[in-house]
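S.K.: For reference, the structure I am asking about is given below.
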Amino acid sequence: MDENSIHFGKRVREYRLSHDMTQEELSEKIDISSNYMSHIERGKTMPSMEIVLRIAEELNVSLDLLFQDCLSISVDVSDKEIEVLIQKMNEKERDLAKLLLQAVLNSRE
């Protein structure tokens with residue numbers, strides 16, 4: 001478990017509860033298992049960007065709010081590492097990554 005996963009999971013749980021939803025209800029609506037949702041909320045796993053977007057849409061919350069506590073955690077990543085990761089992505093994954101990066105930048109405003 002890393003700190004980002006833990007913070008993200010806590011935020012998902014917080015917003016789910018604010019919508020009076022159970023893990024089972026949310027997981028059904030976003031088409032994942034309730035066991036997987038439990039792992040997300042406990043910070044045992046970080047979901048794919050596709051799942052993150054489904055969570056955000058279902059809970060009607062922006063990505064910057066879901067990742068708010070993660071943004072203060074510094075990450076030592078070189079430009080080359082980012083370039084390599086982007087090259088490995090398909091077009092849909094690049095679009096999702098772009099949305100996430102825009103949310104991060106918007107949260108600074």
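S.K.: Please compute the Cα-Cα pair-distance distribution of segment 3-107 with 10 Å bins starting at 0, giving whole percents from short to long.
M.R.: Percent of Cα pairs in each bin: 14, 46, 32, 7, 0.
S.K.: With angles folded into 0 to 90 degrees, how steeply does helix 49-59 sit against the dominant principal axis of the chain? Use alpha carbons for both and round to 10.
M.R.: Orientation of helix 49-59: about 40 degrees from the principal axis.
S.K.: Rounding to the nearest 20 debye, state how big the charge dipole of segment 14-69 is about its Cα centre with +1 on each Lys and Arg Cβ and -1 on each Asp and Glu Cβ.
M.R.: Taking the Cα centre of segment 14-69 as origin, the dipole is about 200 debye.
S.K.: Go through segment 34-48 residue by residue and turn each phi into a ³J(HN,Hα) via Karplus (6.51, -1.76, 1.60, θ = phi - 60°); whole Hz please, and just put x for glycine and proline.
M.R.: Couplings: 5, 5, 5, 4, 4, 5, 4, 5, 8, x, 7, 8, 9, x, 5 Hz.
S.K.: Hey, what angle do you get for helix 3-18 against the long axis of the chain, alpha-carbon based, 0 to 90 degrees rounded to 10?
M.R.: Between the helix axis and the principal axis of the chain, the angle is about 40 degrees.
S.K.: With 10 angstrom as the radius, rank Leu17, Leu96 by how many other C-beta atoms surround their C-beta, starting from the fewest.
M.R.: Lowest to highest Cβ neighbour count: Leu17, Leu96.
S.K.: Here is a further query. How large is the charge dipole for the chain, taken about the Cα centre, if only the Cβ atoms of Lys, Arg (+1) and Asp, Glu (-1) carry charge, to the nearest 20 debye?
M.R.: The dipole magnitude comes to about 100 debye.
S.K.: Once the dipole of segment 3-107 is set up with Lys and Arg at +1 and Asp and Glu at -1 on Cβ about the Cα centre, which of Leu66, His19, His7 lies farthest towards its positive end?
M.R.: Highest projection toward the positive end goes to His7.
FYI, it's all coordinate maths here, none of it is from the lab. Keep in mind that this is a model prediction, so the values were computed, not measured. Don't worry about glycine lacking a Cβ; one is built from the backbone with ideal geometry, like all the others, and counts go over all protein chains shown.
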